[in-house]
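Participant: Sharing a structure with you now.
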Amino acid sequence: MKILLLVGLCISTALCQFQLTRQSYTTFPSTSGGTPSLFSNAAHQASYDPQERILYVLGAQLAINRPRLLHIVDMFNPAAPSILLTHSIDPSLYGRANDVQVCGDTVAVSLDSPVPTKEGYVIMFTTFRRGNTQLVSVGVEPVGVDPKGMAFTTDCQKLIIANEGRGGLDESFIDPPGSVSILLRNDLGSPAHVNINFQSFLENREAAYQAQGVRWVYRGDHTAGIVNNMWDDLEPDQVTISMDQRFAYVSLPENNAIARIDINAYSVNEIFGLGLKNWTLFRTDTSDQDG
C-alpha cells in the first residue's frame, strides 16, 4: 500500500499544472509625457521590491535625443497598479538602458555608453517609497562594455554584471572583449569594482573549448591583419547566482556556452559548451515556401 501510494503521488505531481489568471493590464509611455505605443521598447525589463510592493519597469529607448525612462509602479493592489513616478535618465550621457535589479534598499540600472564600443555604466539609486517626489541616485559606476544582465547576491552586498562587449563601429569595426564586473557595496563611499575578463582562462586553451562546443564566431579579418581572439568574441548576456552564493552562472548565447564565475575568488572557474541538437531527426518544415 505504501508503494502504491508513493507511485500515485509521483504521478499526480508530474501531471499537475499551474494556470495563471490575469489580474490587470498596464501600458507605459516611451517618452516623458507621451502616450503608450506598440514596438517602442517602453517596458524592456522589470524588477520587484517585495518590501515596498513596488515594481520598477525599465524602458530601452534607443533614440539619441529621448530620455531613458524608469517607471515606478505601485503594486499594493495587483488588480489596479498605478505609476507613482517616471524617472528620466539623460540620453546625452548614456546609451541603451539594459537591465534593472532591486535588492534591499538599492536599485541598480545598467546602461550602455553613448558610444556602444566604450565602457558602460551602472547607476545606483535608493529604493523609492510612497510619498517621495523623486528617485535619488547615490552613484554611477563605470563597468565593462555593453553591460546587460545583472544579479545581486542575497545579502545585497555584491552585484554581478554581464558585460556583453558587442562589436560595433567606432571609425572602424571593433569587437571589445566581453567581461563580468562585480561591484562590492560600500556604505561609506563608492563601491569596490572588480572586472573579470576571459583571457587568462582561455589563452592557449581555445582548441580544447571549441572541442567542447564553445563557439568562436568572429576571428577577425586576417587579410587586413585584424585578429579577434576567442576571449574577445565571448559575449556575456544574463546572470544567475547559485543557491550557496558561491558561483555566478553567466550565459554566452552567441557562443553556445555558460561561464561559471567564482564570486569570492573573482575569477572564471569554468566554461561549459551547450552542445548541439540534431534537427535532422525532426520532420520540421522551416521554409516559408509551399511544397
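What follows is calculated from the coordinates using simple rules that are stated; it is not laboratory data. Keep in mind the model is a prediction, meaning the values are calculated, not measured. Cβ atoms come from the backbone with ideal geometry, glycine included; neighbour counts cover every protein chain shown.
Participant: Where does each of Lys158, Lys277, Lys118 land when they are ranked from fewest to most other beta-carbon atoms within 10 angstrom?
Facilitator: Ranking Lys158, Lys277, Lys118 by Cβ neighbours within 10 Å, fewest first, gives Lys277, Lys118, Lys158.
Participant: Can you list the residues, at least 5 places off or on another chain, whose amide H is less than 5 Å from the amide H of Gly139, using H built in the peptide plane?
Facilitator: Placed amide hydrogens put Met124 under 5 Å from Gly139.
Participant: Of [x] 32, 30, 23; [y] 50, 22, 17; [z] 34, 22, 19, which one was derived for semi-axes √(5λ) of the Cα gyration tensor in Å from the structure shown?
Facilitator: [x]
Participant: Tally Lys and Arg at +1 and Asp and Glu at -1 over the other residues with C-beta under 10 Å from the C-beta of Leu58: what net charge comes out?
Facilitator: Charge balance in the 10 Å sphere: 0.
Participant: With 10 angstrom as the radius, rank Cys103, Cys156 by how many other C-beta atoms surround their C-beta, starting from the fewest.
Facilitator: Fewest-to-most Cβ neighbours within 10 Å comes out as Cys156, Cys103.
Participant: How much length would be gained if the chain were fully extended between Asn186 and Arg205, taking 0.36 nm per residue of separation minus their Cα-Cα distance, in nm to one decimal?
Facilitator: The Asn186-Arg205 span can extend by a further 3.2 nm.
Participant: Any idea how far apart Thr133 and Tyr266 come out in nm if each label point goes 7 Å out from Cα toward Cβ?
Facilitator: 4.1
Participant: Suppose each label sits 7 Å from its Cα in the direction of the beta carbon; what would the Leu93-Asp155 distance come out to in nanometres?
Facilitator: If labels sit at Leu93 and Asp155, their model points lie 3.1 nm apart.
Participant: Using a Gaussian network for the chain with springs between C-alpha atoms less than 10 Å apart, which of these wobbles most: Ala211, Ala151, Ala97?
Facilitator: Fluctuation is largest for Ala211.
Participant: Hey, another quick one. Gaussian network model of the chain, Cα springs within a sub-10 Å range: biggest mean-square fluctuation belongs to which of Ala208, Ala224, Ala162?
Facilitator: In the Gaussian network model the winner is Ala224.
Participant: Next question, about the same structure. Looking at the chain, identify the longest residue range that excludes and avoids all GluC sites (Glu not before Pro) in DSSP loops having at most 11 other Cβ atoms within 10 Å.
Facilitator: Between the exposed loop sites, the longest stretch runs 1-170.
Participant: Run the helix sum for the chain: -39,500 (n - 2.57) per DSSP H stretch of 4+ residues, divided by residue count, reported at 222 nm to the nearest 500 deg cm²/dmol.
Facilitator: Roughly -2500 deg cm²/dmol at 222 nm, from the helical runs in the chain.
Participant: Taking +1 at the Cβ of each Lys and Arg and -1 at the Cβ of each Asp and Glu, which of Ile123, Leu55, Ser113 sits farthest along the dipole of the chain towards its positive end, judged by Cα position relative to the Cα centre?
Facilitator: Leu55
Participant: Still on this structure, I have one more. How many nm separate the modelled label positions at Tyr218 and Lys277, each set 7 Å beyond the Cα in the direction of the Cβ?
Facilitator: 2.6
Participant: How many angstrom lie between the Cα centre of the range 63-135 and the Cα centre of the range 254-291?
Facilitator: 31
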